[in-house]
Amino acid sequence: ACVSMCVRMGAHMCFCCEWLVCGCIGIYIQDTRTHPKHKVSSRALTCSWTNDGQYLAIGLWSGVVSIRNKLGEEKVKIDRPGGNPVWSLSWHPQRDQIVVGDWGPKLSFYALNGSMAQREKRLGYDPCFVSYFGNGEYLLVGGSNRKASVHLKDGTMLSELTEQKSWIWCCKQQPGSNHVAIGCQDGTISCFSIQFSTVHSLYKERYAFRDSMTDVLVQHLPTDQKTRIRCRELVKRISVYRNRLAM
């Protein structure tokens, strides 16, 4: 049985994770009769190509992440502590960085060479999917909590997108749009549109506005001098009055 598959960008090539006791991965190429397969040390659960189609990451039941070239040859092996199954991973669309969701439960971030790219983010549920949204500025995460949530690219939680009646196993953005589709364990498929409204306030020559969802920039209009305030949480409202700022 095939538990995960992904198509290589710019080529008629499909990669498949097969659910076998010993673990097996297969590469399927259009108009060819031969389909090369490679053994892996544990069951392969999820896979993702880099945006240029040169490298493939595979998440294993043992917690290992295997990074391979387009021929299926392993180039980097990331041995992760804890051995928690990796059910979800995704490459950043504009850089060689991958986010990994395991049933630790947590999110981890790695560079192409296997080094840790940033600090881990703990979760209160087992993530079944993680994918980038908005040119890599945001993450969509969810799973056993029956919710899909929007996070910053560093894993900081912003807001919940939806709550369903069963586990959510996949969530993908429609290319070139702000629409996303989710698939649940009970067979439900739903589509949503994600909109980010402008949050700002003006008092005489002082203008404050939300930046990067969790920061506030205060601008003095005559001099264009700006001050950044890092809130580290989603900023929903702003109000400026005289020399005071409320968030």
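The table for this structure:
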item	result
All positions within segment 123-149 that are more than 22 Å from TRP49 (Cα to Cα) and not acidic (Asp, Glu)	LEU123, GLY124, TYR125, SER144, ASN145, ARG146, LYS147, ALA148, SER149
Residue list for segment 96-122, filter: more than 14 Å from ILE67 (Cα to Cα), open to solvent by less than 50 Å² (accessible area, probe 1.4 Å) and not in a strand (DSSP E or B)	GLY104, PRO105
Failed item in (1) crowded, with 17+ Cβ neighbours inside 10 Å; (2) not β-branched (Val, Ile, Thr); (3) not in a loop (DSSP other than H, G, I, E, B), with ARG80 passing the rest	(3)
Residues satisfying the stated conditions in segment 193-210, i.e. under 15 Å from LEU245 (Cα atoms) and not small (Gly, Ala, Ser)	VAL199, HIS200, LEU202, TYR203, LYS204, GLU205, ARG206, TYR207, PHE209, ARG210
Total residues in segment 146-205, condition over 18 Å from the mean Cα position of the chain (by Cα), among the acidic types (Asp, Glu) and within 23 Å of ILE229 (Cα to Cα)	1
Unmet requirement for SER201, which otherwise passes all of (1) in contact (Cβ under 8 Å) with a residue 12 or more places away in the chain; (2) closer than 26 Å to LYS147 by Cβ; (3) not β-branched (Val, Ile, Thr)	(2)
Conditions (1) open to solvent by 30 Å² or more (accessible area, probe 1.4 Å); (2) over 23 Å from ASN51 (Cα atoms); (3) out of contact with any Phe, Trp or Tyr (no Cβ under 6 Å at 6 or more places or on another chain): number failed by SER166	(1)
Every residue from segment 126-145 that is touching a strand residue (DSSP E or B) at 6+ places or on another chain (Cβ under 6 Å) and open to solvent by 30 Å² or more (accessible area, probe 1.4 Å)	ASP126, TYR138
Test result for VAL86, modelled with pLDDT of 90 or more and either small (Gly, Ala, Ser) or within 17 Å of the chain's Cα centre (by Cα) (or both)	yes
Complete set of residues in segment 154-168 that are within 27 Å of GLN94 (Cα to Cα), in a loop (DSSP other than H, G, I, E, B) and either touching a Leu at 6+ places or on another chain (Cβ under 6 Å) or among the polar types (S, T, N, Q) (or both)	GLY155, THR156
Of all residues making up segment 146-163, the number that are within 18 Å of SER190 (Cβ to Cβ) and open to solvent by less than 60 Å² (accessible area, probe 1.4 Å)	7
Candidate set from segment 123-146 (those that are out of contact with any Phe, Trp or Tyr (no Cβ under 8 Å at 6 or more places or on another chain) and outside any loop (DSSP other than H, G, I, E, B)); member that is farthest from SER88 (Cα to Cα)	PHE133
Positions within segment 203-228 being farther than 30 Å from GLY143 by Cβ and either touching a helix residue (DSSP H, G or I) at 6+ places or on another chain (Cβ under 9 Å) or surrounded by 14 or more Cβ atoms within 10 Å (Cβ to Cβ) (or both), in sequence order	TYR203, ARG206, TYR207, ALA208, PHE209, VAL216, LEU217, VAL218, GLN219
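Yes/no per residue for (1) in contact with a Cys (Cβ under 7 Å, 6 or more places away or on another chain); (2) at pLDDT 90 or above:
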| position | (1), (2) |
| --- | --- |
| GLY183 | yes, yes |
| THR188 | no, yes |
| PHE192 | no, yes |
| PHE196 | no, no |
| SER201 | no, yes |
| ALA208 | no, no |
| LEU221 | no, yes |
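The values are calculated or read from the model by the stated rules, or taken from the named source; none is laboratory data. Quick caveat, the model's predicted, so the values are computed rather than measured. A quick note on method: Cβ atoms are made from the backbone with ideal geometry, for glycine too, and the neighbour counts reach across all protein chains shown. Ligands, DNA and RNA are excluded from the accessible area calculation, which covers all protein heavy atoms including side chains. Shrake-Rupley method; radii C 1.70, N 1.55, O 1.52, S 1.80 Å.
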